[in-house]
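The values are calculated or read from the model by the stated rules, or taken from the named source; none is laboratory data. Small disclaimer: the values here were computed from a predicted structure and weren't measured. Note that we place each Cβ from the backbone using ideal geometry, even for glycine, and neighbour counts take in every protein chain shown.
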């Protein structure tokens, strides 16, 4: 009897540990949330892959910063040259000789600024496009989730109503004597729209309607 006493708490702890280990298995079976990993929920197609990498845009920003600073320095130097001529420290020929060297540097710096600025702008535009499509994709997943939650509780009886609807009696109509109809005026032709613009407009309207419906469902729920 004295040996069974210490074993009882040990057996109780063992049972608690065994039952406690089953709960994580149930958690792992639950579907992951949409915000765990955006890259997994939104597979990026080849058309959306960035032309510029993060390392490239970082280098471009550094070079753009240095080129802008160098341009300011050249601008200050050109100002001092014109001031020196105005004070009579140099003549016009000497001024033109000095300006020629700085103009060459200025042209080079302007070219670097233009190149690096385009690189940064391209990266930012592609990033904005990717974020916009990711947001759209996540909204569609949220709508699909709401549909999957609501649809099972809604009785679908549209097929039964269609089957119960009586067919209208068929009546034989005698062909009426045809009369020459007056020539119809052709409506003014609308300017043809681009198919891509029409498709984009249709998608935009569908998304807005779906978002309004989702907000209404959340308000009613």
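Selection over region 58-83 of residues that are over 28 Å from residue 118 (Cβ atoms) and loosely packed, with under 15 Cβ neighbours inside 10 Å gives a count of 4. Taking the criterion of being free of Cβ contacts under 8 Å to residues at least 60 places away in the same chain and either over 26 Å from residue 55 (Cβ atoms) or surrounded by 14 or more Cβ atoms within 10 Å (Cβ to Cβ) (or both), the residues of region 116-139 that qualify are 116, 117.
Consider region 194-204 and keep the residues that are exposed (fewer than 10 other Cβ atoms within 10 Å of the Cβ) and either under 21 Å from the mean Cα position of the chain (by Cα) or in a loop (DSSP other than H, G, I, E, B) (or both). The one that is modelled with the highest pLDDT is 197.
Here are some residues: 169, 182, 155. Which one is more than 30 Å from residue 52 (Cα to Cα), modelled with pLDDT of 75 or more and part of a loop (DSSP other than H, G, I, E, B)? It would help to see each step written out before you state the result.
On the way: 169 fails: modelled with pLDDT of 75 or more; 182 fails: modelled with pLDDT of 75 or more.
Testing whether each residue is more than 30 Å from residue 52 (Cα to Cα), modelled with pLDDT of 75 or more and part of a loop (DSSP other than H, G, I, E, B) leaves just 155.
Restricting region 95-114 to residues that are touching a helix residue (DSSP H, G or I) at 6+ places or on another chain (Cβ under 8 Å) and without any contact (Cβ under 8 Å) to a residue 40 or more places away in the chain leaves a set whose member that is nearest to residue 51 (Cα to Cα) is 110.
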